[in-house]
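*Asks:* To start, I am sharing the structure in question, which I have written as C-alpha cells.
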C-alpha cells in the first residue's frame, strides 16, 4: 500500500461528507447506499465515523461531473479515467468526483459505483495507490463481489488511523499470489488460442508467446460469471472451446465469451455422482481424448463421441509411472504432458511413457 | 510523432500519444516536448516507473503489455505521490 506524501490524514475521527448531485444512471437511493456502504468498508476497520451533511461545507464533497468540472483536472469521456479524489485537507481536500460520462451500475453490467466509491474514498482518507493487484487501492478497475478490502488495504488505513476499537469481524481478501513464490502451486492450467492461462486463487496469469512477462488479472475482471475459484480447465482447439471446472459445475468459453446453456453439471460428461470435483483436465490432441483427474484416479473422455471411455477410472500412479499420485493441473504440448502437483512440475513423455524432467511449478512463469 | 530516437516498439502515433498522456497524468512526465523530445531519457524513465509499479518487465520500451495496461479503465489519481 502507499500513503500520500507526509501521510496526509484527517485529524478528527469524525469525518463529514455531502453528496452534491446524482447520476441519472441510478436511483438516488442507490447512490446514497453505494456511498454509505463504501464509507462503511473503511469505518469497519478504523475508528472513523462518517457523518452526512445536506448543506454547507463537508470534509468530503461528492459530485458527478464530466470533462472539465471545476478543478482543472478534467475527465476524458467514457472509460479511461473513471473518477478521482483528493487527499485529506482543507478546501478541495477529500473531495471525490465521478465521471458522469461513464455508465454507473450497482452490479457488474457497467462500472460498479460502490466499488469505485470505496476506492476513491480510500484516497479521500489518505490512501494512495497500491501495487498489489488484489488490493482495492490498485489503480485499475476490476469488478468483484464480497468484502472489497485486502489485507494490504487494511494494513495501510490502520497505519494512518489505527484499528476499530470495536472491530466487526471482517474477512479481508488475500493479497495476490506471487508468481515467484518457490512454494507456488496452481489451481488449473489451460491453453486458450495460443496463450497459456494459469489459474490461482481469484487470479489468472496469461502467458503469450510474444509477451516477455506473464500478466496477472482477476478472474472476475475477464469472466464475471465464472467463480473465483477454478479447479481445472482445458481447451479443445477443434471446437475452439475452453471448459472451466469448479466444484460440480462446468462452464464453456468461446474465446473470452461464455457459451449459452452453461454452466452444466460435470456428471453430464458421464462421471458418477460420487465425483464432486475435478482436480485437473487436459485434452490430448493426438488421441482426441480428454483426461480428467479426480483424487488418485483419472478418466478418459472421448471428445468425438462425447462419451466417457469404458474401463475407467484408472490409477494415476499405475498409468503414469514416476508421477505423483495426485494432480493439481495438467497441460499438453508436442507429445509431452505437463503435470503440476504442489510446487513441482513433471514433464511426462507420452510416447516413452515416463517422466523425463522435474522442475519447480513456477518455472513456467519465468521464475 | 517526433522522431525521438527512442527504442520504441509502439506501433503507431496513437499509442505514442496515449502513452505520453498517460505518463503525464499518472507519472508526472514533464509537459511539452521537454518531456519527450529533448529529454527522451525522461520518457523512458517514466515508462520504467510505470512498468515497475504494475509489475511488468522493466524495459523502458512501449511494448504491448505496457500499452495494454495504459488502456485499462482506472482511477484518475496519480500513481506517484505528488
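*Asks:* At R0 = 22 Å, how high is the FRET efficiency between residue A:352 and residue A:287 if r is their beta carbon distance? Nearest 0.05 is fine.
*Replies:* 0.85
*Asks:* Could you work out, residue by residue across B:16-28, how many beta carbons of other chains sit within 10 Å of that residue's beta carbon, and then give the average as an integer?
*Replies:* Mean shielding count: 1.
*Asks:* Could you tell me the calculated FRET efficiency between residue A:259 and residue A:169, based on Cβ-Cβ distance and R0 = 56 angstrom, to the nearest 0.05?
*Replies:* 0.90
*Asks:* Restricting to bridges with both residues inside the protein assembly as shown, how much of the DSSP beta-bridge set is antiparallel, in percent to the nearest 5?
*Replies:* Percentage antiparallel, nearest 5: 80.
*Asks:* By how many degrees, between 0 and 90 and to the nearest 10, does the Cα long axis of helix A:113-125 differ from the longest principal axis of chain A?
*Replies:* 60 degrees
*Asks:* Based on the alpha-carbon gyration tensor of region A:130-176 and its eigenvalue square roots a ≥ b ≥ c, which shape applies: rounded if a/c is under 1.5, prolate if not and a/b is larger than b/c, or oblate?
*Replies:* oblate
*Asks:* Still on this structure, please answer the following. What FRET efficiency would be calculated for the residue pair residue A:229, residue A:57, taking the C-beta separation as r and a Förster radius of 35 Å, to the nearest 0.05?
*Replies:* 0.15
*Asks:* Taking a ≥ b ≥ c as the square roots of the eigenvalues of the Cα gyration tensor of the protein assembly as shown, is the shape rounded (a/c under 1.5), prolate (a/b larger than b/c) or oblate?
*Replies:* prolate
*Asks:* Extending each Cα 7 Å along its Cβ direction at residue B:17 and residue A:240, get the distance between those two points in nm, one decimal.
*Replies:* With each label point 7 Å from Cα toward Cβ, the separation is 3.4 nm.
*Asks:* Follow-up. Post the alpha-carbon centroid distance, region A:171-236 to region A:329-350, in whole angstrom.
*Replies:* 17 Å
*Asks:* If you don't mind, there's one more thing I want to ask. To the nearest 10 degrees, how steeply does helix A:28-43 sit against the main Cα axis of chain A, on a 0 to 90 scale?
*Replies:* 80 degrees
*Asks:* Measure nothing but the geometry: give the 0 to 90° angle between the long axis through the Cα atoms of A:151-161 and the longest principal axis through the Cα atoms of chain A, rounded to 10°.
*Replies:* Roughly 20 degrees between the two axes.
*Asks:* Order of A:46-58, A:233-245 by packing, highest average Cβ count within 10 Å first?
*Replies:* Packing proxy ranking, top to bottom: A:233-245, A:46-58.
*Asks:* Sticking with this structure for a sec: For the residue pair residue A:159 and residue A:211, what label-to-label distance in nm results when each label sits 7 Å from Cα along the Cα-to-beta-carbon direction?
*Replies:* In this crude label model, residue A:159 to residue A:211 measures out at 2.9 nm.
*Asks:* What does the extension gain come out to for residue A:314 and residue A:359, with contour length at 0.36 nm per residue minus their alpha carbon separation?
*Replies:* 13.6 nm
*Asks:* Something else about it: Can you say what percent of the DSSP beta bridges in region A:1-114, counting only those with both residues inside, are antiparallel? Round to 5.
*Replies:* So the antiparallel bridges in region A:1-114 amount to around 20 percent.
*Asks:* Once you have a ≥ b ≥ c as the square roots of the Cα gyration tensor eigenvalues for region A:215-367, tell me rounded if a/c is under 1.5, and otherwise prolate or oblate according to whether a/b is larger than b/c.
*Replies:* Oblate shape, in that a/c is at least 1.5 and b/c is the bigger or equal ratio.
Bear in mind that the values in this text are calculations on the coordinates, not laboratory data. Remember, it's a predicted structure, so these values are computed and weren't measured experimentally. So basically every Cβ, Gly included, is an ideal-geometry build from the backbone, and we count neighbours across all protein chains shown.
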